[in-house]
1. What are the pairs, 6+ residues apart or on separate chains, where a residue within the stretch 65-92 that is in contact (Cβ under 8 Å) with a residue 24 or more places away in the chain and closer than 17 Å to Val26 by Cβ has its Cβ under 6 Å from a residue that is in a loop (DSSP other than H, G, I, E, B) and of a type in the set (A, V, I, L, M, F, W, C)?
2. Taking the options Ile38, Ile76, Ile50, Ile103, name whichever one is of a type outside the set (Asp, Glu) and away from ligand 2 (no atom under 16 Å from the Cβ).
3. Quick one: count up the residues across the stretch 148-203 that are within 16 Å of ligand 2 (Cβ to nearest atom) and under 13 Å from the mean Cα position of the chain (by Cα).
4. Which one of these is closer than 20 Å to Lys58 by Cα and not hydroxyl-bearing (Ser, Thr, Tyr): Val119, Val115, Val96?
5. For residues that are at pLDDT 90 or above and of a type in the set (Ser, Thr, Tyr), scanning just the stretch 108-132, find the one that is nearest to the chain's Cα centre (by Cα).
6. So if I check each of Leu145, Leu105, Leu61, which one is under 19 Å from the mean Cα position of the chain (by Cα) and either under 18 Å from Leu21 (Cβ atoms) or surrounded by fewer than 19 Cβ atoms within 10 Å (Cβ to Cβ) (or both)?
7. Any residue in the stretch 174-188 that is at positive phi sitting within a Cβ distance under 7 Å of a residue that is crowded, with 22+ Cβ neighbours inside 10 Å and assigned to a loop (DSSP other than H, G, I, E, B)? List the pairs, counting only those 6 or more apart or interchain.
8. For the stretch 242-259, what are the residues that are modelled with pLDDT of 90 or more and in a loop (DSSP other than H, G, I, E, B)?
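The values are calculated or read from the model by the stated rules, or taken from the named source; none is laboratory data. Quantities reported herein were computed from a predicted structural model and do not represent experimental measurements. With ideal geometry, Cβ positions are generated from the backbone for all residues, glycine too; neighbour counts draw on all protein chains shown.
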Amino acid sequence: MTELSTDAATGVTSTRRPAVLVRGAVVAFGGVRAVDGIDLTVPGGSLCGIVGPNGSGKTTLLNAVSGVQPLTAGSIVIGARDTTGLAAHEVARAGVGRTFQSIKLLPTLSVRDNVALGVDMHLTGPWRDRRSAIAAATDEALERLSITDAAERSPEELSYGTRRRVEIARAIAGGPSVLLLDEPLAGMNRAERVEIAALITRLRDDGLTQILIEHDLRTLLSICDHLAVLHHGRLIAFGEPREIAERRDVRDVYLGRSSDGPA
Ligand code: ADP
Ligand code: MG
């Protein structure tokens, strides 16, 4: 891959290497093509926002990139690695971390142990070597999310916003090169949203490539490098966030003037 890349589908040129390359992605559930021929290039170290009405295929696209959902057609490359067809744990080992639209934490484990799960899957070798590496990476992830104080608590005792932080900590604990976030700001109050948005920006500034699904256009416009718009499983727009948000076709879809509006 070259240093200067131009996305064939969108014409967007970047001096950064692509961290995520999706080509001709199709995910069909029976007759429904939830993802219907998507090309998407996310340059390394950038933050790509995804918007689109409910059911437009946003989650299915992230599921495909993270290997949770096999592609019906098309290919996915993460960094220099073709991950098409790999199982989710193999994609994770290839450097992809993710959070889920509905938070998935293990209630019987402490916050620390939930976060440690995100490290453990990336390590091999004797247990005594892994143990100290896991502890160090877990502590760092807890600290980056400002949840060190909650480390010994059960996720069930925590506020929604703090549980979201635990999930993000687990997703970054293994040191991914790409982080996929499915509506991490949903259900948060204004103050929490601002904090998590700032955290996402810091992770990006540290070089972590991210794809962020989010409905709040104002937040996306303030933090994203690129904005992608999905509609009926297709990528209808991709590029500089403000330009994209002003496009007539995007406003028609996004502001609910089409048959299916945003949530
Ligand atoms: P979004 O995240 O944009 O709201 P989704 O990716 O969840 O959209 O869903 C896209 C479409 O795919 C919807 O029509 C949804 O009903 C369908 N879909 C998603 N997952 C499945 C599944 N496992 N089986 C069948 N249909 C699904
Ligand atoms: Mg979704």
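1. Gly67/Leu86; Gly67/Ala87
2. One residue alone meets the criteria, Ile76.
3. Selection size over the stretch 148-203: 7.
4. Only one candidate passes the filter, namely Val96.
5. Checked the stretch 108-132; the qualifying residue nearest to the chain's Cα centre (by Cα) is Ser110.
6. When all the criteria are applied, what remains is Leu61.
7. Going by the 7 Å Cβ cut-off, the qualifying pairs are Glu183/Glu214.
8. Arg247
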